[in-house]
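The values are calculated or read from the model by the stated rules, or taken from the named source; none is laboratory data. As the structure is a computational prediction, the values presented were derived from the model and not from experiment. Methodologically, a virtual Cβ is constructed for each residue, glycine included, from the backbone with ideal geometry; neighbour enumeration extends over all protein chains shown.
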Amino acid sequence: MPGNLRLMPILGGIGLFLFAAFAGLAVGMFGVQAGAAFAALIIGAVAFFLPLRYLVAMTVIVAFVVMGQLIYFARIEKASWLPFLLGLLLLVRLPGELMHRNFRSPWQLPFAPMQSKAVTVILFSYLITLVATTLINRNGPLQVFVSSKEYLFLWGLYFVIAAGLVAPSLIARIWSLLPWLLPLQLPLVLYQRFVVAARRAVLRMGAEWDAVVGAFGGDPDGGGASGAMGIFIVFAITLSVARWRQGTLKGSHCIVIVGSGLVTLLLAEVKFAVLLLPIAFAVAFRREFSLRPVAALASLIVTGTVTALVLFSYQAQFSNDAIERSNSGYFERNFSAATDNRFINHQTGEIGRVAAITFWAGQQYGPVEFLIGHGLGSSRKGDLVTGEAAKRWMFNIARSSLAILLWETGLLGTFIFTTMLLAAYSRAHKISCSPLIPESERSVLLACGAGLIILLLELPYNTDIFYAPQIQILMMLMLGQLAVSGGRLVKAKHGS
């Protein structure tokens, strides 16, 4: 045994040398991205053997902190695969971890989780619909695999949480730390707005404010995940205010988080996210209207005023000509572009949000495609694969999450998915009203209820629910929280 122990440093050194040699060879032969892919493969192999709690934390950290910087600064676009692959690792490890589940373990849930029957039935109906439409349409294996990363991989995070395989303290820690991304990313936002966007304005490289994406990733010379950043900011502000209202967050900390979020919204043109802010507050604090109607009304007035000020700041910063600056032309242009049901630019590939839905409806000629769609990935355009439906047109038919659902899962899959979000919201509201739930958890449930409605409203806006792993992870954390809180409620009612 001592001899074997002495050999460990030698074997470790040989392993590190081989890793460095092969990584250097990959970089020299195929470029930085190949080296990054090789490194990701090794890290993934190591991550497979990590304790589950570390893997969950790594998934969140990689998505919200690491991935965006690799895309924005290192120009490694395939870094967006990292959170999805970590989610796949969780999914692969799930059966084995379930076999060793122990509610007495300090690293796992100390009671049986309990998701509502409605959410569970709807969720599995959605998954069955995905399998059915893919089999019926006989989609290609590469198309199915690439699209499975958006449809299935990150569900591993939800199932791990909903099965009680990580302690509630870990989930609580994630909720408490996530909003601090807003002040942490503020220096990035300032750099993107006053350096990158300013350079783009001088060079006239399109809509320069698209470069403001915070820590969420994108192309400095093109577009990015500004929409995902905006949606996250609205959720983080709502969560922070809810925690402050419940007395689990200091007022000074709440001011820092909310202030950072508002400054970011001022500097990045994310109109839809700004419009969501008063809606999120109205949903999260709806009980306040009956308990403290005057205070609740005053808070909505303040939120509405802040929203209006941010929108008018957009007009001052981002309007294009004298007409837009002098009257309501800025708002009319943006509203008409979003609602025009015939806006399709065949040269640039752009299509309006309403036009995308109208176009889908006009292209369905059979009951099968109308009800269950054309299968996974049929609407995608990408470097690795282009779907069967997307190949027919030069413009991008996958304009929004709603358009993706309609093309790939039909009316049935779209109905099931939206019903799942509504059922989850109803569950969050019901549990949050129970006096048996701790104050700290109640504030999270209030924010989760608002977040689920935000996700529902986001469906026709952009593709973030599928293509932005941060938003998917947020959804999985919300749904997982419902299972944890549901189990806590059942335990409290039975007194055991």
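Taking the conditions (1) hydrophobic (A, V, I, L, M, F, W, C); (2) crowded, with 20+ Cβ neighbours inside 10 Å; (3) over 23 Å from the mean Cα position of the chain (by Cα) in turn, Ala132 satisfies each one other than (2).
How many residues does the range 212-265 hold that are in a loop (DSSP other than H, G, I, E, B) and within 18 Å of Ile279 (Cβ to Cβ)?
Residues in the range 212-265 being in a loop (DSSP other than H, G, I, E, B) and within 18 Å of Ile279 (Cβ to Cβ): 0 in total.
Looking at the range 465-496, which of the residues that are in a helix (DSSP H, G or I) and among the hydroxyl-bearing types (Ser, Thr, Tyr) is farthest from the chain's Cα centre (by Cα)?
Filtering the range 465-496 for residues that are in a helix (DSSP H, G or I) and among the hydroxyl-bearing types (Ser, Thr, Tyr), the one farthest from the chain's Cα centre (by Cα) comes out as Ser485.
Against the list (1) over 28 Å from Leu371 (Cβ atoms); (2) surrounded by fewer than 21 Cβ atoms within 10 Å (Cβ to Cβ); (3) touching a residue at least 60 places away in the same chain (Cβ under 8 Å), the condition Leu152 fails is (1).
Looking at the range 238-245, is at least one residue more than 16 Å from Ala197 (Cβ to Cβ), surrounded by fewer than 18 Cβ atoms within 10 Å (Cβ to Cβ) and modelled with pLDDT under 95? Looking for residues that are more than 16 Å from Ala197 (Cβ to Cβ), surrounded by fewer than 18 Cβ atoms within 10 Å (Cβ to Cβ) and modelled with pLDDT under 95, one finds none in the range 238-245, hence no. If I ask for residues that are more than 18 Å from Leu300 (Cα to Cα) and basic (Lys, Arg), which ones from the range 238-252 would you list? If the condition is that a residue be more than 18 Å from Leu300 (Cα to Cα) and basic (Lys, Arg), then Lys250 is the only one that fits. Looking at the range 50-57, is at least one residue outside any helix (DSSP H, G or I), out of contact with any Asp or Glu (no Cβ under 8 Å at 6 or more places or on another chain) and closer than 19 Å to Phe153 by Cβ? Looking for residues that are outside any helix (DSSP H, G or I), out of contact with any Asp or Glu (no Cβ under 8 Å at 6 or more places or on another chain) and closer than 19 Å to Phe153 by Cβ, one finds at least one in the range 50-57, hence yes. Scanning the range 68-119 for residues that are within 23 Å of the chain's Cα centre (by Cα) and part of a loop (DSSP other than H, G, I, E, B) yields a count of 6.
Each residue in the range 158-175 was checked for being in contact with a helix residue (DSSP H, G or I) (Cβ under 6 Å, 6 or more places away or on another chain) and not aliphatic (A, V, I, L, M), and 4 pass.
Here's the yes/no breakdown for (1) over 29 Å from Tyr158 (Cβ atoms); (2) touching a Pro at 6+ places or on another chain (Cβ under 8 Å); (3) not charged (D, E, K, R):
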{"site": "Asn345", "(1), (2), (3)": "yes, no, yes"}
{"site": "Ala355", "(1), (2), (3)": "yes, no, yes"}
{"site": "Lys391", "(1), (2), (3)": "yes, no, no"}
{"site": "Ala398", "(1), (2), (3)": "no, no, yes"}
{"site": "Ser401", "(1), (2), (3)": "no, yes, yes"}
{"site": "Gly413", "(1), (2), (3)": "no, no, yes"}
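The set of residues in the range 235-257 that are in contact (Cβ under 8 Å) with a residue 24 or more places away in the chain and more than 14 Å from Val444 (Cα to Cα) comprises Val256, Ile257. For beta carbons closer than 7 Å, sequence separation of 6+ or different chains, a first residue in the range 468-496 that is touching a residue at least 24 places away in the same chain (Cβ under 8 Å) and a second that is assigned to a helix (DSSP H, G or I) and acidic (Asp, Glu), the qualifying pairs are Ile471/Asp464; Ser485/Glu441. Would you check if Glu288 is acidic (Asp, Glu), over 30 Å from Glu77 (Cα atoms), buried (at least 17 other Cβ atoms within 10 Å of the Cβ) and out of contact with any strand residue (DSSP E or B) (no Cβ under 7 Å at 6 or more places or on another chain)? Answer is yes for this residue. Being modelled with pLDDT of 80 or more, over 30 Å from Gly259 (Cβ atoms) and out of contact with any helix residue (DSSP H, G or I) (no Cβ under 6 Å at 6 or more places or on another chain) holds for only one residue in Gly373, Gly366, and it is Gly366. The listed residues are Val213, Val196, Val263, Val234, and the only one of them that is in contact with a helix residue (DSSP H, G or I) (Cβ under 7 Å, 6 or more places away or on another chain), crowded, with 24+ Cβ neighbours inside 10 Å and modelled with pLDDT under 95 turns out to be Val213.
Screening Val256, Val270 for residues that are among the β-branched types (Val, Ile, Thr), under 18 Å from Gly230 (Cα atoms) and modelled with pLDDT under 95 leaves exactly one candidate, Val270. In the range 111-121 there is no residue that is within 15 Å of Leu154 (Cα to Cα), surrounded by 15 or more Cβ atoms within 10 Å (Cβ to Cβ) and of a type outside the set (A, V, I, L, M, F, W, C). Scanning the range 434-446 finds no residues that are in a helix (DSSP H, G or I), farther than 22 Å from Ile237 by Cβ and among the charged types (D, E, K, R). When restricted to residues that are in a helix (DSSP H, G or I) and either among the basic types (Lys, Arg) or buried (at least 21 other Cβ atoms within 10 Å of the Cβ) (or both), the range 371-412 contains 14.
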